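Trainee: Structure in structure tokens, see below.
The values are calculated or read from the model by the stated rules, or taken from the named source; none is laboratory data. Bear in mind that the values here come from a model prediction, so they are computed numbers and not experimental data. Glycine gets a Cβ as well: all are built from the backbone with ideal geometry, and neighbour counts include every protein chain shown.
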Amino acid sequence: MRPVLGTAIADYAPPLCLLALTVVYLILGYQYPPVSRMFPVMVAWSMIVLTTLDLASRTQTRVGHAITYWLNPASTGTHAKASHSAAELSALIWLVGFVAALVLLGILCAIPLFVFASVRWRGQRSYVVSLAVAAITTLCIWLMFARLLRIELYPGIVFGNG
């Protein structure tokens, strides 16, 4: 395949997929009443800015190199391209799994599962540390949103009340 701005087209796939999902999320966010849409729209616009920066940083242009240098200086070193792509694919799979768990199981089930799995297998910590971090994170989210702010947390498709 012919490169675009010095980068293989396949290298643009992860941010382009995220950008497409974010645009759909933004469109859906604008369907809510004005007060309810504030947070989803703010998140979507922030994500659009970040994915645009990611796309620009992938180009082999002066602007792309400058963005990479200022926002992610650790990535300017020499890395094997295969391992870099594998890491991106792995991160994308983790993200898709987390979103699927959120939709299916709800917030209070998906978050401890994701945090536990991330700390245990990606962070290579012990089961005890992983369980403790997942429990503390979940407790803090529950206390902050369900108790203090009195916001009903999404129960998921599996545990929802129809």
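Trainee: Only one of these conditions is not met by residue 74: (1) at pLDDT 85 or above; (2) assigned to a helix (DSSP H, G or I). Which number is it?
Mentor: The failed condition is (1).
Trainee: Now for a different question. Kindly establish whether residue 159 is surrounded by 10 or more Cβ atoms within 10 Å (Cβ to Cβ) and modelled with pLDDT under 90. First the steps, then the outcome.
Mentor: Numbers: surrounded by 10 or more Cβ atoms within 10 Å (Cβ to Cβ): yes; modelled with pLDDT under 90: yes.
Judged against the criteria, residue 159 is a match.
Trainee: Could you say which residue among 141, 151 is part of a loop (DSSP other than H, G, I, E, B) and among the aliphatic types (A, V, I, L, M)?
Mentor: Of the residues listed, the single one that is part of a loop (DSSP other than H, G, I, E, B) and among the aliphatic types (A, V, I, L, M) is 151.
Trainee: Okay, next question. When you go through 147, 125, 120 one by one, which is the residue that is assigned by TED's automatic domain parsing to the domain that holds residue 95 and under 20 Å from the mean Cα position of the chain (by Cα)?
Mentor: Working: 147 fails: under 20 Å from the mean Cα position of the chain (by Cα); 125 fails: under 20 Å from the mean Cα position of the chain (by Cα).
Sole residue among the options that is assigned by TED's automatic domain parsing to the domain that holds residue 95 and under 20 Å from the mean Cα position of the chain (by Cα): 120.
Trainee: Considering only segment 41-52, state which residues are more than 14 Å from the chain's Cα centre (by Cα) and at pLDDT below 90.
Mentor: If the condition is that a residue be more than 14 Å from the chain's Cα centre (by Cα) and at pLDDT below 90, then 41, 42 are the ones that fit.
Trainee: In this structure, does residue 92 turn out to be among the hydrophobic types (A, V, I, L, M, F, W, C), in a helix (DSSP H, G or I) and at pLDDT 90 or above? Talk me through it step by step, then tell me what you get.
Mentor: Working: among the hydrophobic types (A, V, I, L, M, F, W, C): yes; in a helix (DSSP H, G or I): yes; at pLDDT 90 or above: no.
No; evaluated as a whole, the condition is false for this residue.
Trainee: Filter segment 4-49 for residues that are in contact (Cβ under 8 Å) with a residue 24 or more places away in the chain and assigned to a loop (DSSP other than H, G, I, E, B); which is surrounded by the fewest Cβ atoms within 10 Å (Cβ to Cβ)?
Mentor: Among those that are in contact (Cβ under 8 Å) with a residue 24 or more places away in the chain and assigned to a loop (DSSP other than H, G, I, E, B), it is 6.
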